[in-house]
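> Below are the structure tokens for one structure; questions will follow.
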Amino acid sequence: MNDANRIKYALYLREWEFHGGDKAYLRRTADNVPPLDYSADMKGHLFCPECCAPLFRSPEGRDYAADGRRAFYAHTRGVDTECSLRVKQAEGKRYENEEEARQAIEDGELVLIQSFMTEKPVPPEVDGPGVYDREPNEDINGLPTLVAIGRHRGEVFNLPRRITTVRGLCRRFEENLYKYFLLPEQQVARTLEDQLIDVRDVSEACDVPRLYFGRIVHSKNMGHGPQNIRMTFLEYPGKEGQKDFCLKATDASSRDHGIDDDSVHRIVIMYGRVTESGIGLCISRLGWGEFALLPERYDYLFEER
């Protein structure tokens, strides 16, 4: 994905100003506008979803440039910010002090994940009508932990972490894409955009758990009962002797996450280790909160990948 297409959408809010404006308010109230949904009256009121600096659309009046490239957003010249969307590879986010890091967490710019849930959370017990519509809590407070995200070598901050689910990340995926996340065992916070690994680019096993995504091409229960393994094969070109790539989970767990025989073309996101499986690769033994189907309305965010 080239630099010009890293900004998938702009934050549009007419009354907001970059200098002195409340970034948390912008993120909370702005409309998300992809490049092809741009209109001329939005000029001067578009902001970066990560650093909130002003953006412009190129070309402004056409959906495609003369060379055939699709219109894209870029940062306005003369406004200097630290933003991973200005460069191809993010180096990670570090903070001057603990107060700055806490403020970033409070403003929704930084999320520290202690772990992803291994067991399905129990819905809350509520009396009265609507009790069966209650969703289980997939985002709970973890223990404060020392994390090394300071600018200076060896500097650590005591900050609150979350226990959450991949499904929770997918629920507001468009907004989460440009937030900084510190995943379990990591030392540097990076945007979700820069942490997602396309399984099509994976050629060998990896014992370090990471965030992966893939598009489903085939899914089948390899037995006859809900506790049998369902093999969900993902789009994969075959690399260095590896023939295929699949997600392995029980049929019951897969269906609980919306994965069945009819899930072709859907995108699945997983947090786990890549292991060898026969003549291919797989991600298996995932906890309940470590994989999820991406809502289809966010598919457009993967068009340039």
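Quick grid of which residues meet (1) in contact with a helix residue (DSSP H, G or I) (Cβ under 9 Å, 6 or more places away or on another chain); (2) modelled with pLDDT of 95 or more; (3) of a type in the set (Ser, Thr, Tyr):
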position	(1), (2), (3)
GLY20	no, no, no
GLU50	yes, no, no
TYR64	no, no, yes
ALA74	yes, no, no
ASP80	no, no, no
CYS83	no, no, no
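> While we're here: Against the conditions (1) in contact (Cβ under 8 Å) with a residue 40 or more places away in the chain; (2) exposed (fewer than 14 other Cβ atoms within 10 Å of the Cβ); (3) touching a helix residue (DSSP H, G or I) at 6+ places or on another chain (Cβ under 9 Å); (4) not β-branched (Val, Ile, Thr), where does ASP260 fall short? Just the number, please.
Only one criterion is unmet by ASP260, namely (2).
> For residues that are in a loop (DSSP other than H, G, I, E, B) and open to solvent by less than 60 Å² (accessible area, probe 1.4 Å), scanning just the range 125-144, find the one that is modelled with the highest pLDDT.
Residues of the range 125-144 in a loop (DSSP other than H, G, I, E, B): 125-130, 134-139, 142-144.
Going one step further and asking which of them are open to solvent by less than 60 Å² (accessible area, probe 1.4 Å), we end up with 126, 128, 130, 136, 138, 142.
Details: VAL126: 55, GLY128: 53, GLY130: 50, PRO136: 64, GLU138: 77, GLY142: 87.
Across the range 125-144, the extreme among qualifying residues is GLY142.
> Would you please name the residue that is surrounded by the fewest Cβ atoms within 10 Å (Cβ to Cβ), looking only at residues in the range 177-214 that are of a type in the set (D, E, K, R) and within 19 Å of GLN103 (Cα to Cα)? Please lay out each step first, then the result.
Narrowing the range 177-214 to residues of a type in the set (D, E, K, R): 179, 185, 190, 193-194, 198, 200-201, 204, 207, 210.
So of that shortlist, the ones also within 19 Å of GLN103 (Cα to Cα) come out as 179, 190.
Details: LYS179: 20, ARG190: 18.
My answer is ARG190.
> Are any residues in the range 230-257 hydrophobic (A, V, I, L, M, F, W, C), free of Cβ contacts under 8 Å to residues at least 40 places away in the same chain and buried (at least 16 other Cβ atoms within 10 Å of the Cβ), and if so, which ones?
Here is the first cut: in the range 230-257, the ones hydrophobic (A, V, I, L, M, F, W, C) are 231, 233-234, 245-247, 249, 252.
This time we only want the ones that are free of Cβ contacts under 8 Å to residues at least 40 places away in the same chain, so: 231, 233-234, 246, 252.
The answer is MET231, PHE233, LEU234, CYS246.
> Within the range 270-285, which residues are under 18 Å from the mean Cα position of the chain (by Cα) and either at pLDDT below 95 or open to solvent by 10 Å² or more (accessible area, probe 1.4 Å) (or both)?
TYR271, ARG273, listed by residue number.
> Could I ask something else about it? Residues being closer than 19 Å to THR118 by Cβ, without any contact (Cβ under 8 Å) to a residue 60 or more places away in the chain and not hydrophobic (A, V, I, L, M, F, W, C): count how many of those fall in the range 148-167.
Taking the range 148-167 as the starting set, the residues that turn out to be closer than 19 Å to THR118 by Cβ are 161-167.
Pick out the ones that are also without any contact (Cβ under 8 Å) to a residue 60 or more places away in the chain and you get 161-163.
Imposing the further condition that a residue be not hydrophobic (A, V, I, L, M, F, W, C) reduces the set to 161-162.
The qualifying residues number 2.
> Turning to a different aspect of this structure: Only residues that are within 21 Å of the chain's Cα centre (by Cα) and either assigned to a helix (DSSP H, G or I) or at pLDDT 90 or above (or both): list them for the range 92-101, please. Write out each step before concluding.
The first filter runs over the range 92-101 and keeps only residues within 21 Å of the chain's Cα centre (by Cα), leaving 92-94, 101.
Within the range 92-101, just ALA101 meets the criteria.
The values are calculated or read from the model by the stated rules, or taken from the named source; none is laboratory data. The structure displayed is predicted, hence computed values, not measured ones. Glycine gets a Cβ as well: all are built from the backbone with ideal geometry, and neighbour counts include every protein chain shown. These area figures cover heavy atoms from the full protein model, side chains too; ligands, DNA and RNA do not enter into them. Shrake-Rupley method; radii C 1.70, N 1.55, O 1.52, S 1.80 Å.
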